[in-house]
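A quick write-up on the structure given underneath.
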């Protein structure tokens with residue numbers, strides 16, 4: 001079985017997220033890391049590989065040169081090889097453009113199963129997995145908290161507002177996983193050293209044959225017209241109980257339009 005896992009480099013997930021007021025895009029000057037949900041997606045792929053002898057896990061990323069570190073960490077965890085799509089022309093791509101570029105990478109490579117996180121921690125659109133499945137003509141099982149592959153069938157529990165739904169599809173298919181899927185393993189020294197020798201294929205837009213008018217921020221389907229910085233955190237309101245605390249609290253909640 002040939003398994004692809006989509007991974008993404010994002011600004012430090014424990015840092016304060018900001019928008020660059022000049023570019024109106026996420027400020028990526030902070031230390032980049034492999035997105036935590038992608039670590040879990042890689043773990044899910046490795047568990048499927050271990051349960052299905054002869055399987056291969058390929059990690060795929062779209063991003064700047066530094067994104068190769070996200071690929072290398074995934075290889076150190078146990079993935080077999082990587083694909084890195086990097087091109088300055090892709091900067092500022094929205095979800096539609098991202099899904100188009102990734103579909104072009106994946107379309108001809110014969111993957112039986114594509115695994116993604118349900119949403120990245122920087123964009124949070126949660127739309128790319130479904131868009132990608134639609135472009136590739138694949139069955140899609142999204143927001144899975146469990147994942148099992150048996151023969152040519154993939155199944156799992158899909159999270160809903162009311163609990164979960166048991167879903168299944170025939171391979172080839174695409175699935176997206178939630179934080180509940182698995183705890184990611186830590187790369188050990190042997191894995192880190194082995195990752196240095198594992199192949200990583202480097203691609204540009206020219207290799208994919210994408211029309212120039214389909215990529216880049218200037219051709220984006222979604223446009224950010226204005227950005228307003230988040231207000232500074234204030235000290236809040238202190239209510240002292242002088243016998244009227246209940247009234248003060250009610251008046252505060254009314255002024256905040258909470259009741």
### Query
Based on the Cβ-Cβ distance of residue 145 and residue 240, what FRET efficiency does E = 1/(1 + (r/R0)^6) give at R0 = 41 Å, to the nearest 0.05?
0.35
### Computed FRET value (nearest 0.05) for residue 53 with residue 26, which takes r as the C-beta separation and R₀ as 45 Å
0.65
### Query
Hey, what does the equivalent ellipsoid look like for the chain, semi-axes from the Cα gyration tensor as sqrt of 5 times each eigenvalue, largest first, whole Å?
37, 24, 19
### Task
Using only Cα atoms, locate the centre of the stretch 76-129 and the centre of the stretch 185-259, then give the distance between them in Å, rounded to an integer.
19 Å
### Task
Could you state the orientation-averaged shadow area of the convex hull built on the Cα atoms of the stretch 18-159, in nm² to one decimal?
8.9 nm²
### Query
For residue 254 and residue 228 in one chain, what is 0.36 nm times their gap in residues minus the Cα-Cα distance, to one decimal in nm?
6.8 nm
## Note on the structure
Over all viewing directions the Cα convex hull of the stretch 94-192 casts an average projected area in nm² of 7.8 nm²
## Note on the structure
Among 193, 77, 62, the residue with the largest mean-square fluctuation in a Gaussian network model of the chain built from Cα contacts under 10 Å is 193
### Task
Kindly put 112, 20 in sequence by how many other C-beta atoms sit within 10 Å of each C-beta, fewest to most.
20, 112
#### Entry: Computed over the stretch 206-259, the ratio Rg/Rh where both radii use C-alpha atoms and Rh is Kirkwood
1.49
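Read-outs: derived from the displayed coordinates by stated rules, not from any lab. Predicted model only: the values in this text are computed from it and were never measured. Here the Cβ is made from the backbone with ideal geometry for all residues, glycine too, and neighbour counts use every protein chain on show.
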